[in-house]
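Read the figures in this text as sums done on the coordinates, not as results from a lab. Bear in mind that the values here come from a model prediction, so they are computed numbers and not experimental data. With ideal geometry, Cβ positions are generated from the backbone for all residues, glycine too; neighbour counts draw on all protein chains shown.
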């Protein structure tokens, strides 16, 4: 039988030349130096297991339910600055002990929106269950809309769902260092408006919003913040609270905020912590953003947090 297909008409498959992707393919090489630096660090009085490439350390050998010495405070502070967020296991803190530990690292603040709901006014209790939703699942740093945003926070897990409820943290130094030099130059002197109403406004009525706005006016913060203790630069923009960029149009602001905020999505810049009852996270709120995974509904999750007063961002 004669074929009705002309062999000359058959198009042979061609090998397609692969085109290089432009973004985040292959090793994220700028992390190597910091990753290796962290792997060599030692501290007096405890050990640390590195969790992420450049962020996160699990501390062993410290009982933070007991009073700690000035020397240990200094070492833990150094460890926090190095790892950006540190974790402790099996620390059944009472509210008094929790506040006492956090206060060793600075004055404590009270939350402007959540009334005192523990025996300690500086300690905020977050209870989430089937009938109580939350706004966890967005990358953010705490209260950048305050004139003095929190320097750090100590979060204690009271009750944890059987599955889910992890928290991820992002190294915003690494996020900044991953930008092109041209982008760094473009954003170097920009300022951003941060406003609580972007995240919390819908929880208040008109009168409540007006009263809070009178007390907490939108703040103008640097897009690129220089850490007051380490001197390192970081991205200080997030989707939860950054409203606009000074001097840019609404469309330009939206696009730049979206781009800079999206750097927190890069997995290589992150660590993820799986909670257990009486685990504690202590993070440098100047250097990191965090994202509480809201994947456990309708299960119950109860956490308590003390926050340390910070300085004006520069």
Between the Cα axis of helix 206-215 and the main Cα principal axis of the chain, the angle (0 to 90°, nearest 10) is 70 degrees
When the distances between all Cα atoms of the range 97-145 are binned every 10 Å from zero, what whole-number percent does each bin get? 19, 46, 32, 3
The range 58-109 pair-distance distribution - Cα-Cα, 10 Å bins, rounded %: 23, 61, 16
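Given the -39500 (n - 2.57) contribution per DSSP H run of 4+ residues, what per-residue ellipticity at 222 nm results for the chain, rounded to the nearest 500 deg cm²/dmol?
Values: 8 runs with 71 residues, N = 314.
Per the formula, -6500 deg cm²/dmol.
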Length-normalised contact order of the chain, Cα under 8 Å, at least 6 apart, in percent, tallies to 31 percent
Pull up the DSSP beta bridges for the chain and report the antiparallel fraction as a percent, rounded to 5. 95 percent
By average C-beta atoms within 10 angstrom, highest first, the peptides 279-292, 33-46, 52-65, 92-105: 279-292, 52-65, 92-105, 33-46
Would you mind classifying the chain by shape? Square roots of the alpha carbon gyration tensor eigenvalues, ordered a ≥ b ≥ c; an a/c under 1.5 is rounded, otherwise it is prolate if a/b is larger than b/c and oblate if not. prolate
Compute the helix-to-body angle for 250-262: its Cα long axis versus the longest principal axis of the chain, expressed 0 to 90° and rounded to tens. 80 degrees
